[in-house]
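Got a structure for you, written out below as structure tokens; questions coming shortly.
The values are calculated or read from the model by the stated rules, or taken from the named source; none is laboratory data. Everything numeric here is computed off the predicted structure, so don't read it as measured data. Cβ atoms come from the backbone with ideal geometry, glycine included; neighbour counts cover every protein chain shown. The protein model used for the area step is the full one, side chains on, heavy atoms only, and it has no ligands, DNA or RNA in it. Shrake-Rupley method; radii C 1.70, N 1.55, O 1.52, S 1.80 Å.
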Amino acid sequence: MTVPVRIKIKKLLNEQAKEQHVLVKGWVRTKRGNKNVNFIALNDGSTINNIQIVADPSVISEEILKQVTTGAAISVTGKVVESAGSGQAVEVVAEQIQVLGTADPEKYPLQPKKHSMEFMREIAHLRMRSSTFGAVFRVRHALSFAVHQFFHQKGFYNLHTPIITGSDAEGAGETFHVTNFDLKDIPLTPEGEVDYKQDFFGSETNLTVSGQLEGELGAMALGEIYTFGPTFRAENSNTTRHLAEFWMIEPEMAFYELQDNIQLAEDLLKYVVKYALEHCKEDLEFLSARAADEEKNKPQNERQEMNLLERLQFVLDNNFERITYTDAIDILRNSNPNKKKKFNYIIEGWGADLQSEHERYLVEKHFKKPVVIYNYPKDIKAFYMRQNEDDKTVAAMDILFPGIGEIVGGSQREERLEKLQKRMQEMHIPEESLWWYLDTRKFGTAPHSGFGLGFERLMLFVTGMGNIRDVIPFPRTPDNAEF
């Protein structure tokens, strides 16, 4: 008999090609049975569903079956038949099993039982084999593909902005330094400062916190660009919402004003959510059930009103509410939680920096739909945002989602050289370090806009996971760069 070509389990389950001889390979999730028959649940990562392998000890030797334990990698040749049991339409009756890699059941940490998320982070090298993380990272792939497809269809160009840069974009200073100095013998200037002229790049450099500034240069030549790459913040925050290394989607568009920018961001979010619902149905159903189970352990007042699938559909079914920062402050100041001092951060008046609790109140309680807030006070926003005529606000915007709060932040960029220079002086940002950025305001300046969408924030929303460390394969956080 001719050895069949390997078939992925996802394809096998979709086609349900009964009576065909197939070759499947994967990792054993579970094995159960008796002296007469063994049932092996096999998964190859292509789907959340397993294929059941039926192994008859009179056909498959006892020596082989002893090695077929949870975590082992095996190759199975057999016949697809209609399943006699419930839970699956077809199964494979094994004619031959080859053990490709054994897994000592006494030592293999990912046993078929419920494990805590904390434990799973300790075995990040294996956690993708679990149902939960297999689903999460298939969704991550789908969302990544959808982002590229959205921008490609709109005629945007993908620009690879530098990971090593001399700029920290927003002037926050929370950067990781890049050097090839011998850290035990760092050269100093006569004044006792680090002599960066002797370093590899001849100047002080760091890992990027944003591709935005370089993205603007691309937009002023190619029209519409987007970046999608890793960014780094040396912020010592050990929270469920912070990573030291994360991925950002940052489009920059020439000739876009603020409302154009808002519309593009809304269109992008709806597109990728719709793509996930259409292409990750089984994974999202599993993650929705998992999230609902987690919700039961939360206090009543912290539980989500909608399940995961309902929240995703909620984004598609609603036009985003657009309000000014001033209107948002009025709503929050007059809200019951504020009046009764139930907010951790009480809104006293105009100029306050909105916190996650305020953002979620607007989305989940007041408007009951995604919300866009625009025209923020210039004093709480970055130097590059376009100043409005009132000289108090800038043309900035944030998009707020249920359960997450801010998911997108962006603005129309300040294209007027004098205004930009003055703002940089006010914020003590030296012009000489950004001479190239200012040049775009000297040579053919034009209105332009852009925004940033944190990919892991998007992942949290779409998967319903509660911790940002669980939506990136190998999280980088304070005191943790393992794997």
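Note down all Cβ pairs under 8 Å where the first residue falls in the stretch 177-197 and is among the hydroxyl-bearing types (S, T, Y) and in a loop (DSSP other than H, G, I, E, B), the second is at pLDDT below 95 and open to solvent by 100 Å² or more (accessible area, probe 1.4 Å), and they're at least six residues apart or on different chains.
none
May I ask you to list the residues in the stretch 308-342 that are β-branched (V, I, T) and in a helix (DSSP H, G or I)?
The first filter runs over the stretch 308-342 and keeps only residues β-branched (V, I, T), leaving 315, 323-324, 326, 329, 331.
Once the filter is applied, which keeps residues that are β-branched (V, I, T) and in a helix (DSSP H, G or I), the stretch 308-342 yields V315, T326, I329, I331.
Among the numbered conditions (1) open to solvent by 60 Å² or more (accessible area, probe 1.4 Å); (2) closer than 23 Å to G409 by Cα; (3) among the basic types (K, R), tell me where K342 comes up short.
(2)
Look through T240, T227 and report the one residue that is within 20 Å of the chain's Cα centre (by Cα), open to solvent by less than 10 Å² (accessible area, probe 1.4 Å) and closer than 27 Å to N467 by Cβ. Show your work before the answer.
Working: T240 fails: open to solvent by less than 10 Å² (accessible area, probe 1.4 Å).
Matching residue, one of T240, T227: T227.
Taking only the stretch 216-246 into account, find how many residues are of a type in the set (S, T, Y), touching a helix residue (DSSP H, G or I) at 6+ places or on another chain (Cβ under 7 Å) and part of a strand (DSSP E or B). If you could, list the steps in order and put the result at the bottom.
Kept after step one, since they are of a type in the set (S, T, Y), are these residues of the stretch 216-246: 226-227, 231, 237, 239-240.
The next check asks that each one be touching a helix residue (DSSP H, G or I) at 6+ places or on another chain (Cβ under 7 Å); those that pass are 226-227, 240.
Adding the requirement that they be part of a strand (DSSP E or B) leaves 226-227.
Adding up the residues that qualify gives 2.
Does K66 qualify as being more than 19 Å from R129 (Cα to Cα), at pLDDT below 95 and of a type in the set (K, R)? Break it down into steps so the answer makes sense when it comes.
Details: more than 19 Å from R129 (Cα to Cα): yes; at pLDDT below 95: no; of a type in the set (K, R): yes.
Against the criterion (more than 19 Å from R129 (Cα to Cα), at pLDDT below 95 and of a type in the set (K, R)), K66 does not qualify.
Oh, and also: Considering each of K79, K25 in turn, give the residue that is assigned to a strand (DSSP E or B), under 17 Å from K8 (Cα atoms), of a type outside the set (V, I, T) and within 34 Å of the chain's Cα centre (by Cα).
Numbers: K79 fails: within 34 Å of the chain's Cα centre (by Cα).
Answer to the check: K25.
Which ranges mark the helices (runs of 4 or more DSSP H) fully within the stretch 413-477 that have 2 or more residues being open to solvent by 10 Å² or more (accessible area, probe 1.4 Å)? Lay out the reasoning, then the answer.
Details: elements: 417-426, 435-442, 455-463.
Those helices (runs of 4 or more DSSP H) span 417-426, 435-442.
Mind counting the residues in the stretch 130-157 that are in contact with a strand residue (DSSP E or B) (Cβ under 6 Å, 6 or more places away or on another chain) and either closer than 19 Å to I48 by Cα or open to solvent by 30 Å² or more (accessible area, probe 1.4 Å) (or both)? Break it down into steps so the answer makes sense when it comes.
Taking the stretch 130-157 first, the residues in contact with a strand residue (DSSP E or B) (Cβ under 6 Å, 6 or more places away or on another chain) are 147, 151, 156-157.
When the remaining residues are screened for being either closer than 19 Å to I48 by Cα or open to solvent by 30 Å² or more (accessible area, probe 1.4 Å) (or both), the result is 157.
So the count comes out to 1.
Something else now. What is the one condition in (1) polar (S, T, N, Q); (2) assigned to a strand (DSSP E or B); (3) free of Cβ contacts under 8 Å to residues at least 12 places away in the same chain that N375 does not satisfy?
The number of the failed condition is (3).
Identify, please: which residue in the stretch 299-327 is acidic (D, E) and either surrounded by fewer than 15 Cβ atoms within 10 Å (Cβ to Cβ) or out of contact with any strand residue (DSSP E or B) (no Cβ under 6 Å at 6 or more places or on another chain) (or both) and is, among those, nearest to S288 (Cα to Cα)?
Filtering the stretch 299-327 for residues acidic (D, E) gives 302, 305, 310, 317, 321, 327.
Those still in the list that are either surrounded by fewer than 15 Cβ atoms within 10 Å (Cβ to Cβ) or out of contact with any strand residue (DSSP E or B) (no Cβ under 6 Å at 6 or more places or on another chain) (or both) too: 302, 305, 310, 317, 327.
Numbers: E302: 17, E305: 13, E310: 9, D317: 18, D327: 34 Å.
That would be E310.
Which pairs have Cβ atoms under 6 Å, sit 6 or more apart or on different chains, and link a residue in the stretch 305-320 that is under 14 Å from E266 (Cα atoms) to one that is surrounded by 13 or more Cβ atoms within 10 Å (Cβ to Cβ) and of a type in the set (K, R)?
Going by the 6 Å Cβ cut-off, the qualifying pairs are L316/K270; L316/K274; N318/K369.
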